[in-house]
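To start, the structure itself, in structure tokens.
The values are calculated or read from the model by the stated rules, or taken from the named source; none is laboratory data. This structure is a prediction, so every number in the text was calculated from the model and none was measured. Here the Cβ positions follow ideal geometry from the backbone for every residue, glycine too, while neighbour counts run over all protein chains shown. All accessible areas refer to the heavy atoms of the entire protein, side chains included, with ligands and DNA or RNA removed. Shrake-Rupley method; radii C 1.70, N 1.55, O 1.52, S 1.80 Å.
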Protein chains: 2
Amino acid sequence: MTDSMDSRHPPAKAKAKAKARAAGKRQQLTAAAARVLHEQGVERTTIADIARAADVPAGNVYYYFKTKDELVEAALSEHVTHLETLTGRLDQLPDPRERLKGLIDAWVEQRDTAARYGCPTGTLAAELDKRSEGGLDLSAGRVIRRLLDWVEQQYRHIGVADPEGHALALVGAYQGMSLLSNALRDPEIMAREGARLTREIDALG
Amino acid sequence: MTDSMDSRHPPAKAKAKAKARAAGKRQQLTAAAARVLHEQGVERTTIADIARAADVPAGNVYYYFKTKDELVEAALSEHVTHLETLTGRLDQLPDPRERLKGLIDAWVEQRDTAARYGCPTGTLAAELDKRSEGGLDLSAGRVIRRLLDWVEQQYRHIGVADPEGHALALVGAYQGMSLLSNALRDPEIMAREGARLTREIDALG
DNA sequence: GTCTATACATGGATAGAC
DNA sequence: GTCTATCCATGTATAGAC
């Protein structure tokens with residue numbers, strides 16, 4: 001008698017399928033966490049909120065994530081993935097100016113979300129800064145650093161003086177306009193500032 | 001017998017003094033709230049935290065403020081006061097360019113605080129946005145609006161085209177550099193961006 | 001692997017003594 | 001006007017049945 005037919009010892013295929021389902025739920029929870037944490041903020045979001053949004057029973061969450069902090073980490077990695085997808089797509093464009101303008105376009109496209117909830121990464125960075133009791137987490141800082149580095153590379157290709165300074169100014173402008181747009185609940189601020197930033201890039205020597 | 005000597009009915013002077021003391025404690029609590037809420041964030045700050053910082057017994061707080069939200073409101077009004085003191089001082093300067101550069105200097109002077117805790121008004125605005133359940137509070141937005149209006153006036157005096165756009169860009173740059181400086185824990189970002197903003201004002205037609 | 005029930009801690013707010 | 005004791009809701013996390 002082989003144990004491959006024994007229901008108590010599922011065959012490899014069934015095991016793999018169960019694993020895939022589990023990974024699927026983990027991914028569902030991660031995506032839901034990214035969305036809900038952005039909309040409600042970290043401190044005001046409960047595990048139950050995320051479970052509901054992911055369509056997973058509340059008590060089940062702890063099977064996939066041991067603590068709330070792990071869910072926050074997962075949400076953060078989700079933002080990294082989004083960022084890399086975007087820059088990866090923009091890297092296909094031949095001209096670094098076009099790449100930067102494409103980035104700005106992507107920001108402006110998200111204007112309604114930004115006006116309602118702020119920049120996902122920026123608001124998360126501000127919250128995580130306060131969440132870690134002087135413990136110096138900086139995990140959100142690393143995501144912003146990554147964006148900063150990519151932008152700096154583009155300015156370097158263009159050949160401007162002080163590419164790092166230009167990158168700080170551009171990413172800073174994005175964070176600033178997101179915050180203003182959110183505080184005043186006005187998506188048009190994003191469009192307006194985006195147009196200005198685009199003009200500045202066009203005007204680059 | 002006059003009741004002015006009756007200990008159960010203190011004379012007007014004593015009453016006034018008690019009132020002054022009460023107002024003093026209220027002010028102590030307001031100042032402490034502004035500081036602690038900025039450092040720890042609204043959601044992670046307890047009434048007890050504020051009471052301790054203000055050197056007032058915990059249970060006593062509710063005599064001065066009925067709810068935590070009222071304390072947050074008080075902290076916000078404290079920021080308004082600071083802002084008005086600053087702009088009032090800058091209004092003494094004859095040249096609007098100097099007024100704007102003075103504002104930037106004030107921002108840069110606060111760089112260590114900004115790197116550690118972010119812009120007091122900006123972080124508060126982001127938090128309050130999430131605190132009000134879609135209820136559209138915008139009270140922090142009004143403070144930012146006030147700053148925006150003052151800056152716009154200066155650009156108007158200078159005579160630039162689109163003073164509103166210039167104001168959005170300047171205040172946005174401030175919020176952005178505060179967030180970046182905070183996320184990366186680097187006060188020098190404030191100094192660097194401040195210098196750039198100052199140069200831009202000097203370069204204005 | 002999935003889900004329910006619940007333990008346990010925290011913190012906002014109130015009652016009432018002084 | 002000041003302070004203590006406490007109520008009560010909320011939310012994280014765990015135990016253990018299925």
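The residues of region B:107-121 that are in a helix (DSSP H, G or I) and open to solvent by less than 20 Å² (accessible area, probe 1.4 Å), listed by number, are B:107, B:114, B:115. I'm trying to understand the selection: among the residues of region A:48-84, which are of a type outside the set (A, V, I, L, M, F, W, C), more than 23 Å from residue A:131 (Cα to Cα) and open to solvent by less than 50 Å² (accessible area, probe 1.4 Å)? Result: A:60, single match. On inspection, residue B:14 passes the criterion of being surrounded by 12 or more Cβ atoms within 10 Å (Cβ to Cβ) and at pLDDT below 90.
Against the list (1) modelled with pLDDT of 95 or more; (2) under 17 Å from residue B:81 (Cα atoms), the condition residue B:126 fails is (2).
With B:126, B:34, B:106 as the choices, which residue is over 16 Å from residue B:174 (Cβ atoms), out of contact with any His (no Cβ under 6 Å at 6 or more places or on another chain) and of a type in the set (A, V, I, L, M)?
Working: B:126 fails: over 16 Å from residue B:174 (Cβ atoms); B:106 fails: over 16 Å from residue B:174 (Cβ atoms).
Answer to the check: B:34.
Against the list (1) within 16 Å of DNA strand D (Cβ to nearest atom); (2) assigned to a helix (DSSP H, G or I); (3) in contact (Cβ under 8 Å) with a residue 12 or more places away in the chain, the condition residue B:72 fails is (1).
Looking across region B:36-57, the residues that are part of a helix (DSSP H, G or I) and either within 14 Å of another protein chain (Cβ to nearest Cβ) or near DNA strand C (Cβ under 10 Å from one of its atoms) (or both) come down to B:36, B:37, B:38, B:39, B:40, B:47, B:48, B:49, B:50, B:51. Look at residue A:44 and say whether it is within 11 Å of DNA strand D (Cβ to nearest atom), more than 30 Å from residue A:151 (Cα to Cα) and without any contact (Cβ under 8 Å) to a residue 12 or more places away in the chain. Answer is yes for this residue.
Where in region B:122-203 are there helices (runs of 4 or more DSSP H), lying wholly inside it, with at least 2 residues that are surrounded by fewer than 19 Cβ atoms within 10 Å (Cβ to Cβ), within 17 Å of the chain's Cα centre (by Cα) and facing chain A (nearest Cβ under 7 Å)?
Numbers: elements: B:139-158, B:163-183, B:188-202.
Once the helices (runs of 4 or more DSSP H) in region B:122-203 are filtered for at least 2 residues that are surrounded by fewer than 19 Cβ atoms within 10 Å (Cβ to Cβ), within 17 Å of the chain's Cα centre (by Cα) and facing chain A (nearest Cβ under 7 Å), nothing remains.
Applying the criterion of being without any contact (Cβ under 8 Å) to a residue 60 or more places away in the chain and within 13 Å of the chain's Cα centre (by Cα) to the residues of region B:85-105, the residue that is most open to solvent (accessible area, probe 1.4 Å) is B:85. Filtering region A:58-75 to residues that are among the β-branched types (Val, Ile, Thr) and closer than 12 Å to residue A:26 by Cα leaves only A:61.
Only one residue in B:103, B:71 is away from chain A (no Cβ under 14 Å), within 16 Å of DNA strand C (Cβ to nearest atom) and in contact with a helix residue (DSSP H, G or I) (Cβ under 8 Å, 6 or more places away or on another chain). Which one? Even if it seems obvious, please write down each step before you answer.
On the way: B:103 fails: within 16 Å of DNA strand C (Cβ to nearest atom).
None of the others qualify; the one that does is B:71.
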